[in-house]
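Written out below as structure tokens is the structure these notes cover.
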Number of protein chains: 2
Amino acid sequence: MTEDLMTIREMCETYDVTPRTLRFYEAKELLFPIREGQKRLFTKRDRARLKLILRGKRFGFSLEEIRQLLDLYHVGDQQLTQMTRTYEIACERLADMEARREELTQAIDDLKEQLRWGEKVIASMKQEKKAAE
Amino acid sequence: MTEDLMTIREMCETYDVTPRTLRFYEAKELLFPIREGQKRLFTKRDRARLKLILRGKRFGFSLEEIRQLLDLYHVGDQQLTQMTRTYEIACERLADMEARREELTQAIDDLKEQLRWGEKVIASMKQEKKAAE
DNA sequence: CGTCTGGATTACGTAAACGTCAATCTCATG
DNA sequence: CATGAGATTGACGTTTACGTAATCCAGACG
């Protein structure tokens, strides 16, 4: 079925993006579909990368930041020094993300508290309404 | 000291933004500084809102989305139906944020695993290097 | 009174992330 | 062979979120 290769149309339907977007990501070197004549064919690797790209976007990363993050996942056949550097960057990123999650947790707690407040306000408004009837 | 009112310059230093940014947020109706003659003076409320704006931006919300979120915090003297609607929207937002945190947790776990992999690769590379010497 | 200094307004500029449109190309099908 | 559906390649348009420069005020100060 998915012989490991997908056309641009299949990609669009699967991941809910436009062809333009996929071509744009290729131009930006985020994806590397192979060519069959003119046509692009997206590999399993492209799909994995696209998933990470979309996830990154939901977190508000820029495409350039995402591109660097993606490099952390391909590791490949680098030199020791290069590999070590990559590892360090990844560690920093991880710290960023954990800090981010902390902040998000804080925001969630804030909103929850706000909601409890809202519940009370609504309840008292209903009381008033009842009393007025 | 902070007599509850801050000049644009003080705001910029406190929150590390430019004057342009603050004026822009006012134009977009995210902030409502009062005027002393020509000059803007930012209130405590503006500062609270700005903090939420900056937080929202770190989470990748657009300014328009943030504006809607901010409305959830001012609640004010609304009608019951309006208040209830606001409450519902806030609940949805909360659900969004919790889902987001789940995803972030997943991303963090992924990256952690990747890092463990990286550690092993680096270790083996060091071994090879040693052996070659 | 001249002149800074800080803020305001107006307006044009810009980078990112695509959208949109026109002009091919190509291949299967009637 | 004509043609219609999909894909590709420019190329220009658009929105968001400000940056930047020019010009204009108003109060402080020597």
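The values are calculated or read from the model by the stated rules, or taken from the named source; none is laboratory data. Just so it is clear, the structure is predicted and the values come from calculations on it, not from any experiment. Cβ sites come from the backbone with ideal geometry, for glycine too, and all protein chains shown count toward neighbours. Heads up: the accessible areas ignore ligands, DNA and RNA and are worked out on the full protein's heavy atoms, side chains in. Shrake-Rupley method; radii C 1.70, N 1.55, O 1.52, S 1.80 Å.
Being under 24 Å from A:Ala99 (Cβ atoms) and open to solvent by 70 Å² or more (accessible area, probe 1.4 Å) is a description that does not apply to B:Glu64. Look at (1) under 21 Å from the mean Cα position of the chain (by Cα); (2) more than 10 Å from chain B (Cβ to nearest Cβ); (3) open to solvent by 50 Å² or more (accessible area, probe 1.4 Å) and you find that A:Leu70 fails only one, number (3). Scanning the range B:73-89 for residues that are free of Cβ contacts under 8 Å to residues at least 12 places away in the same chain, in a helix (DSSP H, G or I) and either within 14 Å of the chain's Cα centre (by Cα) or over 16 Å from A:Glu113 (Cβ atoms) (or both) yields B:Leu80, B:Thr81, B:Gln82, B:Met83, B:Thr84, B:Arg85, B:Glu88.
Evaluation of A:Leu80 against the conditions (1) over 26 Å from B:Phe59 (Cα atoms); (2) within 16 Å of DNA strand D (Cβ to nearest atom); (3) of a type in the set (A, V, I, L, M, F, W, C) shows that the sole unmet condition is (2). Inspect the range A:27-47 for any residue being more than 15 Å from DNA strand D (Cβ to nearest atom) and within 30 Å of B:Glu128 (Cβ to Cβ) and give the result as yes or no. Yes, there is a match, as at least one residue in the range A:27-47 is more than 15 Å from DNA strand D (Cβ to nearest atom) and within 30 Å of B:Glu128 (Cβ to Cβ). Just need a number here: residues in the range A:122-131 that are open to solvent by 90 Å² or more (accessible area, probe 1.4 Å) and more than 10 Å from chain B (Cβ to nearest Cβ). Result for the range A:122-131: 2.
Remark: B:Leu54 matches the filter, which requires a residue to be surrounded by 12 or more Cβ atoms within 10 Å (Cβ to Cβ), in contact (Cβ under 8 Å) with a residue 24 or more places away in the chain, in a helix (DSSP H, G or I) and of a type in the set (A, V, I, L, M). For the residues B:Glu119, B:Glu102, B:Glu92, B:Glu113, the requirement of being without any contact (Cβ under 8 Å) to a residue 24 or more places away in the chain, within 9 Å of another protein chain (Cβ to nearest Cβ) and not hydrophobic (A, V, I, L, M, F, W, C) singles out B:Glu119. In a residue-by-residue description of the range B:11-19, the property of being near DNA strand C (Cβ under 8 Å from one of its atoms) and open to solvent by 60 Å² or more (accessible area, probe 1.4 Å) applies to no position.
Rundown of residues vs (1) over 17 Å from the mean Cα position of the chain (by Cα); (2) touching a residue at least 60 places away in the same chain (Cβ under 8 Å); (3) under 23 Å from A:Leu63 (Cα atoms), yes/no style:
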| position | (1), (2), (3) |
| --- | --- |
| A:Met6 | yes, no, yes |
| A:Glu10 | yes, no, yes |
| A:Glu13 | yes, no, yes |
| A:Asp16 | no, no, yes |
| A:Arg20 | yes, no, yes |
| A:Arg23 | yes, no, yes |
| A:Leu30 | no, no, yes |
| A:Arg35 | yes, no, no |
| A:Leu41 | yes, no, yes |
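The one condition from (1) polar (S, T, N, Q); (2) open to solvent by 70 Å² or more (accessible area, probe 1.4 Å); (3) within 19 Å of B:Arg100 (Cα to Cα) that A:Thr105 does not meet is (2). Considering (1) surrounded by 18 or more Cβ atoms within 10 Å (Cβ to Cβ); (2) within 12 Å of DNA strand C (Cβ to nearest atom); (3) away from every other protein chain (no Cβ under 11 Å); (4) part of a helix (DSSP H, G or I), the lone condition that A:Arg49 does not fulfil carries the number (2).
Among the residues of the range A:10-24, those that are among the aliphatic types (A, V, I, L, M) and touching a Leu at 6+ places or on another chain (Cβ under 7 Å) comprise A:Met11, A:Leu22.
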